[in-house]
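Every number in this text was worked out from the coordinates using simple rules, so none of it is lab data. These figures come from a predicted structure and were not determined experimentally. Positions of Cβ are backbone-derived with ideal geometry, glycine not excepted, and every protein chain shown enters the neighbour counts.
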Amino acid sequence: MSHKFNFCPNCANPLEYIAMMEDGGHKERLRCVGCGWTHWNNPTPVLAAVIQYQDRILLARNAAWAHKTYALITGFMEAGETPHEGIQREIKEETNLDARELNLIGVYDFQRMNQVIIAYHAVAQGEVKLSPELVDYQLYEYQDVKCWPAGTGYALADWLRSRGYEPQFTELSRRG
């Protein structure tokens, strides 16, 4: 999901789609005809964690979701932090757990939300205390967890495969 810009944030002129040659070739972008400001609309980096807790997978349900599905812990990277630091912070903020081991699973596109997901596997310890952002969590045995056909679901599937499990997918497609 991208921000909808109609006017230039610098000079308030209306923005127009203007085609120009760039390093990558011919691109059409929202640009200001007054001052030349360009809305690049680049994807936002999002961090995600497959949390291994008490030898199971922890999935949580977001308070803002109308559907009662569970997913990975995710969050936006903050300015000035590395992805590694960011996912450690998100795990602590959202679950109160300490990630004692972090390994990159991979990078996944989530074009519907204009995001790039940087997914980690985290071995976590401590006592789960959910942030107000989350309403519930469940622990799943590796062979019982269901993946979903979207960015973080593919990360979970890749991690399961790396551990010798064949992932099972749900039919849901409205997750990140």
When the helices in the chain are scored as -39500 (n - 2.57) per DSSP H run of 4 or longer and the sum is shared across all residues, what 222 nm value do you end up with, to the nearest 500 deg cm²/dmol? -4500 deg cm²/dmol
Angle, helix 83-95 long axis vs. longest principal axis of the chain, Cα atoms, 0 to 90°, nearest 10? 60
Segment 11-49 versus segment 61-109: alpha-carbon centroid distance in Å: 29
Given R₀ = 41 Å, what would the calculated FRET efficiency be for residue 63 paired with residue 17, taking r from the Cβ atoms and rounding to 0.05? 0.65
Which percent, nearest 5, of DSSP beta bridges in the chain are antiparallel? 75
